[in-house]
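The values are calculated or read from the model by the stated rules, or taken from the named source; none is laboratory data. Keep in mind that this is a model prediction, so the values were computed, not measured. Counting neighbours? That spans all protein chains shown, and the Cβs are built from the backbone with ideal geometry, glycine included. Note: areas computed on protein heavy atoms with side chains; ligands, DNA, RNA excluded. Shrake-Rupley method; radii C 1.70, N 1.55, O 1.52, S 1.80 Å.
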Amino acid sequence: MSELRRRKPSNGDATISHDTKNDTQKKHESIPSILRAWVSIFNLVSQKVPRVRIFGLDFTFAVASALFLATYRGIAYLTMIHILGWPVHLRTTEAVSSVVGMTHSILLLTPLFLALISQPYRPSSKLTDHPQWYQSIVSALLQFTTGYMMQDMILTYFVCQRGETNILTKSDYLIVGHHLATTAYMTSCRVVGAGHLGAMILMY
């Protein structure tokens with residue numbers, strides 16, 4: 001009958017179980033709270049928002065970021081016109097674009113810095129060599145900036161009126177080219193699954 005009795009967990013078993021819980025807790029605590037918040041938002045958008053794929057690559061968070069920043073731009077424009085008394089003028093449109101750009105930078109720089117220092121610096125490493133939470137934060141930051149570039153390029157240079165002639169200037173073409181090149185570079189890093197460190201350093 002003694003063979004049928006269940007073996008009681010030994011002290012060693014309890015220690016292993018306790019150590020496993022501690023390791024999991026330490027890994028969770030080692031992730032800065034700001035990065036945990038970004039990962040949570042990224043996962044929430046990925047789960048709740050219909051997927052947007054272009055040639056098989058997921059742009060869901062990029063599109064969601066573009067819509068968020070476009071809404072923020074509209075609120076900022078209405079505030080400047082109707083509350084602060086700015087005139088309906090090209091300069092006001094450009095000022096609103098600058099406000100959105102500064103907001104994007106404020107939201108981006110802290111998590112970007114924390115992400116850069118959270119992992120060993122290996123420029124040629126693959127994204128899949130890193131923990132899953134790091135892969136999520138990198139994708140979130142790259143797509144957030146992609147979304148900013150998308151909305152800034154479309155709203156500022158193709159929708160908003162550019163003076164009486166509605167013609168892009170040479171400096172406008174330079175900015176559009178910059179936005180296209182930046183978007184292509186960040187997207188290529190996601191496609192090949194590497195080069196993200198270089199992109200993040202340039203973003204910073």
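Where the second residue is open to solvent by 50 Å² or more (accessible area, probe 1.4 Å) and assigned to a loop (DSSP other than H, G, I, E, B) and the first is under 18 Å from Val191 (Cα atoms) and lies in segment 115-136, which pairs have Cβ atoms under 9 Å and are six or more apart or on separate chains?
Note: pairs meeting the criteria are Asp129/Arg122.
From Phe158, Phe61, which residue is in a helix (DSSP H, G or I), of a type in the set (A, V, I, L, M, F, W, C) and touching a Phe, Trp or Tyr at 6+ places or on another chain (Cβ under 7 Å)?
On the way: Phe158 fails: touching a Phe, Trp or Tyr at 6+ places or on another chain (Cβ under 7 Å).
When all the criteria are applied, what remains is Phe61.
Look through segment 111-134, keep the residues that are in a helix (DSSP H, G or I) and over 30 Å from Gly177 (Cβ atoms), and return whichever of them is least open to solvent (accessible area, probe 1.4 Å). Steps first, please.
If we filter segment 111-134 for residues that are in a helix (DSSP H, G or I), which is where we start, we get 111-118, 127-129, 132-134.
The next check asks that each one be over 30 Å from Gly177 (Cβ atoms); those that pass are 114, 117-118, 128-129, 132-134.
Details: Leu114: 40, Ile117: 105, Ser118: 42, Thr128: 100, Asp129: 96, Gln132: 122, Trp133: 53, Tyr134: 1 Å².
Looking at the filtered set, the residue picked out is Tyr134.
Conditions first: (1) of a type in the set (Gly, Ala, Ser); (2) assigned to a loop (DSSP other than H, G, I, E, B); (3) touching a Ser or Thr at 6+ places or on another chain (Cβ under 7 Å). Gly85 passes all but one, so which condition is the exception?
Only one criterion in (1) of a type in the set (Gly, Ala, Ser); (2) assigned to a loop (DSSP other than H, G, I, E, B); (3) touching a Ser or Thr at 6+ places or on another chain (Cβ under 7 Å) is unmet by Gly85, namely (3).
Restricting the search to segment 27-56, which residues are open to solvent by less than 30 Å² (accessible area, probe 1.4 Å) and touching a residue at least 40 places away in the same chain (Cβ under 8 Å)?
Applying the first criterion (open to solvent by less than 30 Å² (accessible area, probe 1.4 Å)) to segment 27-56 yields 31, 35, 39, 42, 45-46.
Those that are open to solvent by less than 30 Å² (accessible area, probe 1.4 Å) and touching a residue at least 40 places away in the same chain (Cβ under 8 Å): Ile31, Leu35, Val39, Phe42.
Please pick out the residue among Leu141, Leu78 that is in contact with a helix residue (DSSP H, G or I) (Cβ under 9 Å, 6 or more places away or on another chain) and either surrounded by 13 or more Cβ atoms within 10 Å (Cβ to Cβ) or farther than 21 Å from Thr183 by Cα (or both).
Working: Leu78 fails: in contact with a helix residue (DSSP H, G or I) (Cβ under 9 Å, 6 or more places away or on another chain).
Only one candidate qualifies: Leu141.
Take Ser188 and decide whether it is under 20 Å from the mean Cα position of the chain (by Cα), closer than 19 Å to Phe55 by Cα, open to solvent by less than 40 Å² (accessible area, probe 1.4 Å) and among the polar types (S, T, N, Q). Talk me through it step by step, then tell me what you get.
Details: under 20 Å from the mean Cα position of the chain (by Cα): yes; closer than 19 Å to Phe55 by Cα: yes; open to solvent by less than 40 Å² (accessible area, probe 1.4 Å): no; among the polar types (S, T, N, Q): yes.
No, not satisfied.
Could you list all residues from segment 81-104 that are within 18 Å of the chain's Cα centre (by Cα) and open to solvent by 50 Å² or more (accessible area, probe 1.4 Å)? I'd like the intermediate steps shown before the answer.
Within segment 81-104, the subset within 18 Å of the chain's Cα centre (by Cα) is 100-104.
The answer is Met102, and nothing else.
Let me spell it out: the conditions are (1) buried (at least 17 other Cβ atoms within 10 Å of the Cβ); (2) modelled with pLDDT of 95 or more, and Thr71 meets all of them except one. Which number is the exception?
(1)
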